Amino acid sequence: MTTWIAFFFALLLVIFVHELGHYLLALYWRVSVLRFSIGFGRPLFIWKSIQPGLQTGTEFSINTIPLGGYVKFKSAQSNGDEKQDTKHTFQSQPLLVRTSIVFAGPLINLVFAFLIYAILNWTGYERHLPVLSEPPPASLADQAGLLSGDMVTKISFNHGRWQSIESMDQLQWLLLSELQEAKHLKLVLKSSYTGDLRIAEINLLHLKGENIDPINSLGILGPRRDPLIANVLSGGVASKAGLLSGDRVLSIDGQKIVDAAQIIRSVRSATGEQNWEILRSGKDRFNISITPQNSSNGAYAVKKIDAVIGNASATTLVADGFMTGLGNAASKVMLQIKLTLTGFLKTFYTADGWKQLGGPLYIADIAGKSATEGLHRYFGFIAIFSLSIGILNLLPIPLLDGGHLVYYLWEALYGKPVSALWQERLGIMGMVIIFSLVFLTFFNDFLRWFR
């Protein structure tokens with residue numbers, strides 16, 4: 001129940017903000033707005049108000065299908081009277097006015113995300129300490145000698161200035177924002193066990209060409225969690241093998257285990273039965289045999305043992321000053337724009353890119369999980385969701401805001417609007433694209449559901 005409440009609240013809020021952008025610019029330019037609708041289908045609630053400065057009223061409604069929204073402007077044919085004053089219709093406005101009204105929806109989504117990030121930065125919240133988990137074997141981090149329990153205290157790209165690191169979130173944001181351009185990486189590491197400091201250097205040129213997941217290829221992952229079995233599903237693989245909550249995994253098939261990331265990688269790569277050495281209650285050592293099972297068939301097959309692996313990682317409270325909070329918020333917005341566009345493009349130019357698309361079930365799952373982690377995490381999710389909606393609406397696909405902006409660009413270049421016939425043809429093409437993407441997201445949700 002919490003999952004769906006969190007999802008629909010976030011969805012309706014982001015849709016409201018988006019349509020509010022269109023509405024406010026229409027008010028500013030004195031364009032008549034006939035309807036402000038959240039959702040589609042039959043109205044659940046309707047109320048009307050007189051638009052300030054105009055004789056027309058605006059009908060506000062919340063409808064039965066909360067998967068979108070729209071703002072309907074007055075047109076010359078709105079009430080069938082050809083003699084009516086068209087001064088306040090949308091079509092009669094100058095090109096710049098129409099462009100600004102259409103662009104305002106996506107823009108306010110970006111501004112909304114920026115404000116959320118800024119407020120979260122100012123108020124501060126618990127963030128994971130930048131303590132690394134065991135790097136994947138043969139990754140660049142592994143080759144550079146990074147170890148489980150290393151805490152990153154400073155980072156430098158391309159032999160530039162050192163930047164202090166306070167949290168895992170900050171480290172991951174910096175890596176995501178710099179990896180595609182940087183050629184060299186230096187890290188100041190502090191061992192969580194001995195307190196010793198050392199510097200590690202990584203040549204990032206080896207990452208070039210890693211299109212899918214450069215972070216995993218780099219191997220700087222975290223936060224570190226102890227190799228514990230946190231929760232065991234009754235009747236599942238782990239339960240049948242004899243594992244209990246609180247058991248510590250010491251080794252798997254003779255390989256020493258020092259953190260939860262190693263267990264997860266071992267389970268996912270399992271090809272058959274494994275031998276686990278277990279420490280129970282801090283004193284009893286014994287071995288068990290366990291065979292990780294596929295969670296589904298086909299391309300989405302992932303090994304599992306029906307248990308939660310790893311304990312809660314260490315956190316610290318981090319709050320930014322006013323200007324620092326604004327700067328960090330702007331950096332997050334710019335990075336998220338870059339990541340969203342890159343991810344969307346990978347849908348088309350990588351073989352498995354389409355598998356990354358998520359529909360309502362996938363988004364609802366993320367919303368629910370973030371809500372259970374606290375308001376800061378949840379509103380961080382809302383910020384990313386708002387950014388994604390804003391950016392996707394700017395894509396040059398007919399029927400989306402970006403498609404209309406392309407029409408206006410044509411009008412600016414050639415001095416005349418796109419013909420009604422071509423708008424109709426392009427609209428059909430846009431509908432095909434949108435419905436294809438929607439189908440893919442639901443298909444992926446279906447596969448994840450049975451994973």
Task: Looking only at the range 42-65, and only at residues there that are hydrophobic (A, V, I, L, M, F, W, C) and crowded, with 16+ Cβ neighbours inside 10 Å, the one that is nearest to Y362 (Cα to Cα) - done: I62
Open item on the list: One residue is enough: does the range 302-321 have a residue meeting the conditions out of contact with any strand residue (DSSP E or B) (no Cβ under 9 Å at 6 or more places or on another chain), closer than 29 Å to T123 by Cβ and exposed (fewer than 12 other Cβ atoms within 10 Å of the Cβ)?
Closed with: yes
TODO: Would you be able to say whether some residue in the range 141-161 is crowded, with 21+ Cβ neighbours inside 10 Å, in contact with a His (Cβ under 8 Å, 6 or more places away or on another chain) and touching a residue at least 24 places away in the same chain (Cβ under 8 Å)?
DONE: no
Open item on the list: Can you name every one of the helices (runs of 4 or more DSSP H) wholly within the range 360-451 that holds 2 or more residues which are within 20 Å of A6 (Cα to Cα)?
Closed with: 360-372, 375-393, 420-449
Open item on the list: Please go through (1) free of Cβ contacts under 8 Å to residues at least 40 places away in the same chain; (2) touching a helix residue (DSSP H, G or I) at 6+ places or on another chain (Cβ under 6 Å); (3) hydrophobic (A, V, I, L, M, F, W, C) for L244 and return the number of the only condition it doesn't satisfy.
Closed with: (2)
Open item on the list: If I ask for residues that are more than 19 Å from E19 (Cβ to Cβ), surrounded by fewer than 17 Cβ atoms within 10 Å (Cβ to Cβ), of a type outside the set (D, E, K, R) and in contact with a helix residue (DSSP H, G or I) (Cβ under 8 Å, 6 or more places away or on another chain), which ones from the range 377-410 would you list?
Closed with: P396
- [ ] Would you check if there is a residue in the range 112-127 being in contact (Cβ under 8 Å) with a residue 40 or more places away in the chain, buried (at least 17 other Cβ atoms within 10 Å of the Cβ) and closer than 29 Å to K256 by Cα?
- [x] yes
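This table checks each residue for (1) modelled with pLDDT of 90 or more; (2) exposed (fewer than 13 other Cβ atoms within 10 Å of the Cβ).
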residue: M1; (1), (2): no, yes
residue: I5; (1), (2): yes, no
residue: L13; (1), (2): yes, no
residue: R35; (1), (2): yes, no
residue: F40; (1), (2): no, no
residue: Q77; (1), (2): no, yes
residue: D85; (1), (2): no, yes
residue: H88; (1), (2): no, no
Task: Test for L176: is it out of contact with any His (no Cβ under 7 Å at 6 or more places or on another chain) and either surrounded by 15 or more Cβ atoms within 10 Å (Cβ to Cβ) or modelled with pLDDT under 95 (or both) - done: yes
Open item on the list: If I go through the range 271-304 residue by residue, how many of them are at pLDDT 90 or above and of a type in the set (A, V, I, L, M, F, W, C)?
Closed with: 6
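The values are calculated or read from the model by the stated rules, or taken from the named source; none is laboratory data. None of these values were measured; they are calculated from a predicted model. Positions of Cβ are generated from backbone atoms using ideal geometry, with glycine treated the same way; all protein chains shown enter the neighbour counts.
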